[in-house]
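The values are calculated or read from the model by the stated rules, or taken from the named source; none is laboratory data. All values reported here derive from a predicted model rather than from experimental measurement. Here Cβ is always computed from backbone atoms with ideal geometry, including for glycine, and neighbour counts include all displayed protein chains. The area values use the complete protein model at the heavy-atom level, side chains included, leaving out ligands, DNA and RNA. Shrake-Rupley method; radii C 1.70, N 1.55, O 1.52, S 1.80 Å.
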Amino acid sequence: MTVAGALVALAGIIAGYGFTSRAQSKQEVVDWTNRQTTATVSLASFIPAPANQTLTLPGNVQPFNKAAIYARVNGYLKSWEHDIGTPVKAGQALANIDAPDLDQQLSQAKATLASVRANLQIANLTASRNNVLLQKQIVAQQLADQTDADAKAKEAVVDANEANVKQLEAMQSFKTLTAPFDGIVTARNVEIGMLISSGGAGQPLFEVSDLHRVRIYVQVPQSFSAGLKQGMAAPFEMPQYPGVQFDATLSHISKSINSTSHSMQVELQADNADGKFFGGAYCNVHFQIPSDPNHLRLPSTALVVNNKGAKVAVLDADNKVVLKSVLLGRDFGDSVEILAGLTGSDRVVNNPPETLANGDLVQVAGAPASS
C-alpha cells in the first residue's frame, strides 16, 4: 500500500469512528431523557395477617345486680339505717316510713271486720233457730230459706273485709324498706322527715348494688361481630389501675345489630372479689379476633381513593401501570384489609403519584433500568 492509500484509509477510519461516537452519544442522550421522564416508584409489601387481631373497645362496667328502691306507701321518713358504701344483707332494713293514714285505714278495716263478724254470728243463730222450727212446722219454709241466705251473704261480707284487712297489713310491711339481696348501698336520696310518695316515679329512695361480680357491656362494630364466640377471654384495663390487666369472659352476645350505630352489644363478666370495680366505671376491653388468612393486608399509603372507589396501582410484566379496583375490609389505621381485587403475587405501587394512569411505564426503585 502506498503512503497516499494509507492516509486515505486512516481518514476513513477516523471518520467512521466519529460517526459511531456521535450516534452512541445521541442514543445515550435519548436513554437519559427517557429515564428522566419515566416515574420511579417503590413497591408495597403485603403485611402478613396475624393469627389474631387485637381489637380494643370501650366498655361500661355495671353491677351484677342493681335495684332501685322505691316506697309502696305514702308517709314521712321516720329513720334511715344505712348510708352509701355500707354493705347490707338481703332483708336488712334500710329505712322506716311513718304512715298515719295507712294506720288509720287498718284500724277502721279491723273495726268493720269485727262488726260484720258479729252480724254473721247473729245471722247464723237466726238461721239455725228457723231450721229447728221448720222441722216442727212452726215457721214457713220461705222464712227458713231467707235466714239461710242472709247468713251466707253476711259470711261473704266477712270474707271481703278479712281480705281488706290482710291487704292493709301487707301494706304495713312496706313501711320498712329492706335490701332485696346482699350488696352495697350505692345511693341514698332520703332525709328524716321527708315526704314520701308511693310508686316508681321520680328519684329512688335507695339503690343497692351487688358487686361480687360485674357485667361489662361493649358495643362491637358489625365488621368484627363474626369473630366473637361465647366463652372467649377478653382482658380489660381501667384508668385508675394503670398498667394492670384484669380477666373477663364473654358471657352473652345480643345477636342484634343496632341500626343507628351498626354495632352489636355484648356482655362480659368479671370476678370482683377484691371490690376494685364499681358500677358505671369506664374500661378498655381487648378482644382477640381471629384473622382470615385468605385476606390480604396492604399499607394504607398504597391506596388510590377517589369518587369511583378505592383502587391500587399494579405493575404488569413490562412495568406498565394497571389500576385495579379493590374491595376494602377492616381499616387498621396504618394498613387496610383487601377482601377482593388482588392476589398475593401482584406488584403493588406504594405512594403512587396522583398523575399515574393506566398504561404508564414506570421504573421500580432499585431495579436496573431498561433501555
Practice problem: Average the reciprocal distances over every distinct pair of alpha-carbons in the stretch 102-171, invert the result, and give the Kirkwood radius in Å. | Solution: 13.2 Å
Quiz prompt | Residue with peak Gaussian network fluctuation, the chain [Cα springs, cutoff 10 Å], from GLN269, GLN135, GLN104 | solution = GLN135
Practice problem: Return the label of the correct value of Cα extents along the principal axes in Å, as calculated from the structure shown, out of (1) 68, 44, 38; (2) 65, 52, 36; (3) 185, 51, 32. | Solution: (3)
Exercise. Could you work out how far helix 3-37 tilts from the main Cα principal axis of the chain, as a 0 to 90 degree angle to the nearest 10?
Key: 10 degrees
Quiz item: Do any trypsin sites (Lys or Arg not before Pro) in the stretch 63-152 lie in a loop, going by DSSP, with at most 13 other beta-carbon atoms within 10 Å of their beta carbon, and if so which?
Solution: LYS89, LYS136
Self-check item: Residue among THR86, ILE184, ASN358 farthest towards the positive dipole end of the chain, charges placed on Cβ
Solution: ASN358
Quiz item: Over the alpha carbons of the stretch 275-371, what is the largest minus smallest coordinate on each principal axis, giving the biggest first in Å?
Solution: 75, 28, 23
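Hey, can you find the accessible area per residue of the stretch 157-261 for me, probe 1.4 Å, expressed in square angstrom?
Solvent-accessible surface per residue comes out at 55 Å².
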Practice problem: Could you compute the FRET efficiency for GLN137 and ASN74, with r as their C-beta to C-beta distance and R0 at 56 Å, rounded to 0.05? | Solution: 0.40
Quiz prompt | Residue pairs, from the table LYS66/LYS276; LYS89/LYS175; LYS229/LYS255; LYS89/LYS166; LYS229/LYS311, whose Cα atoms sit over 22 Å apart | solution = LYS89/LYS166; LYS229/LYS311
Quiz item: Cα axis of helix 100-135 to longest principal axis of the chain: angle in degrees, 0 to 90, nearest 10?
Solution: 50 degrees
Practice problem: Kindly write out, for the stretch 77-88 in residue order, the coupling ³J(HN,Hα) from the Karplus curve 6.51 cos²θ - 1.76 cosθ + 1.60 (θ = phi - 60°), rounded to whole Hz, with x marking Gly and Pro. | Solution: 6, 8, 6, 10, 9, 9, 9, 4, x, 8, x, 9
Quiz prompt | For the stretch 127-222, radius of gyration divided by Kirkwood radius, i.e. Rg to Rh on alpha-carbons | solution = 1.45
Practice problem: Using amide H atoms built 1.01 Å from N in the peptide plane, name the residues 5+ places from LYS276, or on other chains, whose amide H lies under 5 Å from its own. | Solution: none
Practice problem: Collect residues whose amide H, placed 1.01 Å from N in the peptide plane, falls under 5 Å from the amide H of ALA248; neighbours closer than 5 in sequence don't count. | Solution: ALA234, PHE236
Quiz item: Taking the Cα atoms only, what angle lies between the long axis of helix 141-173 and the longest principal axis of the chain, rounded to 10 degrees?
Solution: 50 degrees
Quiz item: Based on the mean of other beta carbon atoms within 10 Å per residue, what is the order of 156-166, 180-190, most packed first?
Solution: 180-190, 156-166
Exercise. Enter the accessible area of THR355 (Å², nearest 10), with the probe set to 1.4 Å and all protein chains included.
Key: 120 Å²
Self-check item: Cα-centred dipole magnitude for the chain, charges only on beta-carbon of K, R (+1) and D, E (-1), debye, nearest 20
Solution: 500 debye
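Sort SER291, SER345 from largest to smallest accessible area, using a 1.4 Å probe on the heavy atoms of the protein chains.
SER345, SER291
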Quiz item: Under a 5 Å amide H to amide H cut-off, with H placed in plane at 1.01 Å, what residues pair with GLN363 once short-range neighbours are removed?
Solution: ALA39, THR40, VAL41
Quiz prompt | Net lengthening on full extension, ASN96/SER115 (0.36 nm per residue, minus Cα-Cα) | solution = 3.7 nm
Quiz item: Quick one: how many Å² of SER259 are accessible to a 1.4 Å probe, rounded to 10?
Solution: 100 Å²
Quiz item: Could you state the number of Å between the C-alpha centres of the stretch 222-294 and the stretch 49-82?
Solution: 17 Å
